[in-house]
Each structure stands twice: as structure tokens, then as C-alpha cells.
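Structure, as C-alpha cells:
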Amino acid sequence: APIISVKNLRKTYSNGFTALDDVSLDIRKGEILALLGPNGAGKTTLISIICGITNPTDGQVVVDGFDVVKDFRETRGRIGLVPQELTTDMFESVFNTVSFSRGLNGKKPNPAFIEEILSDLSLLDKRDSALRELSGGMKRRVLIAKALSHEPTILFLDEPTAGVDVALRKDMWQLVERLRQRGVTIILTTHYIEEAQEIADRVGVINRGKLLLVEEKDALMRKL
Ligand code: ADP
Ligand code: ADP
């Protein structure tokens, strides 16, 4: 059975704009799926709904057998989301930000585990720095640390390398690969074909709210 099953999703925002139109998709355990599409295609809307932070207008998302709307308490612990930007208190320290995020997701404090994540993301020496003191690349890594803080089995990354330099982009790709080797299922959005080509197993192409196709990467790349 798929770890995530998306059925006939539709999202019409309160201004009347339909950002997703009848999207259905199965995601396999342990795969890396790239959702490829231009700005405004509906990628962020789609992952926000799968993560349970935006309600769909119609349709259903089931994660590990649980409905993301009705059983949010069950699904939220299984999912980590790396958004595009930090929205937390910029005066708070790196350690506290990541640790607090773990608590928000219903897990008991575990300072040793938080330090392990920070170390893994080369952030341990910034443990006590305020977020406002960090470079752009470090802020991105804090976003990832937050998303991993409660030990999710599914990780979503929203445009992880948009506006990032080449070196950091390669770091990000290596990180995604390492997470996959630990068994984490990964869904990322991107508007770079090269990114989908580099790291994904399967690629879904989304445009104007429609999921146009989902294919194994190699099969898709032969067509492009
Ligand atoms: P919903 O239809 O889910 O209630 P809203 O239309 O109330 O969502 O908008 C939620 C938030 O998204 C608001 O803060 C709004 O300002 C913001 N928003 C509105 N239009 C856009 C847009 N085109 N792109 C991104 N964010 C938007
Ligand atoms: P992407 O991540 O592919 O750039 P989004 O899901 O952010 O696409 O946005 C899809 C479309 O929905 C865009 O046209 C955007 O302006 C619109 N949109 C996003 N959020 C809102 C909102 N809260 N209210 C109204 N329109 C929105």
C-alpha cells in the first residue's frame, strides 16, 4: 500500500481562485518524489494540504492509513515540512528553535537528539546563536533541523534550493540522499528540471493546478 494516498484534491481559495483541480497521487514508502512545475502551479498548496496545514475544498489525503484532516494528531507526528522561509522568532537561539519545534509536534524533549541533528547539519557551533545572526544557507539548514526534530518518517521540502548557490544546492541534494538511506520518504517541490533529474526516483509535473503526469524519472527524461 502507498504511504500517502491523495484522492481527487481540489482547492479553491476564499477569493475564488482554484489552485488545485482534481489531483490524485500515490506516494510509495521510501521514494524521493519531485513535484516539478513553474511558479504559481500549485505545488505549495498541494504539499500544505498533504501535510494537513491547509484544508482541501474537496478530496482526501490518507497518510499511513490516517486521514490528514480528521486524524491530524496521528499524521502530524509522521510528517516533517521544510517551508521556504523561517517564520519563527529571529531573536531565539538555534537550539531552542529546533527543540521547541519537537515539542510542538508532541514529542518529549531530547536535547541529545537535537544536538545530533544540529551536528549532522553542521550547525552545532551555531547552537546558541540567534537566528537573525545566521547566513541564508544556515537559516535553510535550521528549517531542515526543525522539520526533523520530531523524527518524522515523511519529509516535505518546499523549493529547497530556490535562490541557493551551487555549493549549497549540492549539499542539499546530498542531505536528501542521506535521509533516504535512513528510510525517510521524501517529497520535494522544484522548478528546476535538473534538480528533479538529479535526486528524484519519480517526477510529477504540475501546472495550473493540474497534475499532468507522474512517471519514473528515467522514463520522463527520455521524453523531454
Ligand atoms: P483560505 O481560502 O484557505 O481561507 P485565504 O484566502 O483566507 O485562504 O488566504 C490565507 C492567507 O493567504 C492570507 O494571509 C492571504 O493574505 C494569503 N494569500 C492570499 N492570496 C494569496 C496569493 N495569491 N498567494 C499567496 N498567499 C495569498
Ligand atoms: P507554487 O508553489 O507552485 O508556486 P502555490 O501553491 O503557492 O504555487 O500557488 C498556486 C496559486 O494559488 C498561485 O496563483 C497563488 O497566487 C494562489 N494562491 C496561493 N495561496 C493563495 C491564497 N491563500 N489565496 C488565494 N490564492 C492563493
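The values are calculated or read from the model by the stated rules, or taken from the named source; none is laboratory data. The model shown is predicted, which means the values in this text are computed figures rather than measured ones. When we count neighbours, we look across all protein chains shown, and the Cβ atoms used for this are built from the backbone with ideal geometry, even at glycine. Just so you know, the surface numbers come from the protein's heavy atoms only, side chains and all, with ligands and any DNA or RNA stripped out. Shrake-Rupley method; radii C 1.70, N 1.55, O 1.52, S 1.80 Å.
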Within the stretch 1-114, helices (runs of 4 or more DSSP H) holding 2 or more residues that are among the hydroxyl-bearing types (Ser, Thr, Tyr) and more than 16 Å from ligand 2 (Cβ to nearest atom): 94-104
Verdict on Thr44 being within 16 Å of ligand 1 (Cβ to nearest atom) and either over 16 Å from the mean Cα position of the chain (by Cα) or modelled with pLDDT of 95 or more (or both): yes
Residue check, Asp67 over 26 Å from Glu177 (Cα atoms) and more than 14 Å from ligand 1 (Cβ to nearest atom): yes
Which numbered condition Arg78 fails, given (1) loosely packed, with under 15 Cβ neighbours inside 10 Å; (2) within 19 Å of Thr153 (Cβ to Cβ): (1)
Pair list, Cβ under 8 Å, 6 or more apart: the stretch 1-22 residue open to solvent by less than 50 Å² (accessible area, probe 1.4 Å), other residue within 8 Å of ligand 1 (Cβ to nearest atom): Lys11/Thr54; Ala19/Lys11; Ala19/Thr12; Ala19/Tyr13; Leu20/Lys11
Residue count for the stretch 180-218, restricted to those that are within 16 Å of ligand 2 (Cβ to nearest atom), open to solvent by less than 40 Å² (accessible area, probe 1.4 Å) and assigned to a loop (DSSP other than H, G, I, E, B): 1
The stretch 86-119, residues that are among the acidic types (Asp, Glu) and without any contact (Cβ under 8 Å) to a residue 12 or more places away in the chain: Glu116
Selection count, the stretch 120-162, where residues are open to solvent by 50 Å² or more (accessible area, probe 1.4 Å), on the phi > 0 side of the Ramachandran plot and touching a residue at least 24 places away in the same chain (Cβ under 8 Å): 1
Test: residue in the stretch 103-113 that is within 20 Å of the chain's Cα centre (by Cα) and open to solvent by less than 20 Å² (accessible area, probe 1.4 Å): no
Some residue of the stretch 26-34 being open to solvent by less than 20 Å² (accessible area, probe 1.4 Å), within 16 Å of ligand 1 (Cβ to nearest atom) and either touching a residue at least 40 places away in the same chain (Cβ under 8 Å) or out of contact with any Lys or Arg (no Cβ under 7 Å at 6 or more places or on another chain) (or both): no
Some residue of the stretch 139-155 being within 12 Å of the chain's Cα centre (by Cα), over 25 Å from Pro111 (Cα atoms) and part of a strand (DSSP E or B): no
Top-ranked residue in the stretch 62-85 [being of a type in the set (A, V, I, L, M) and free of Cβ contacts under 8 Å to residues at least 40 places away in the same chain; ranked as nearest to Ile4 (Cα to Cα)]: Val68
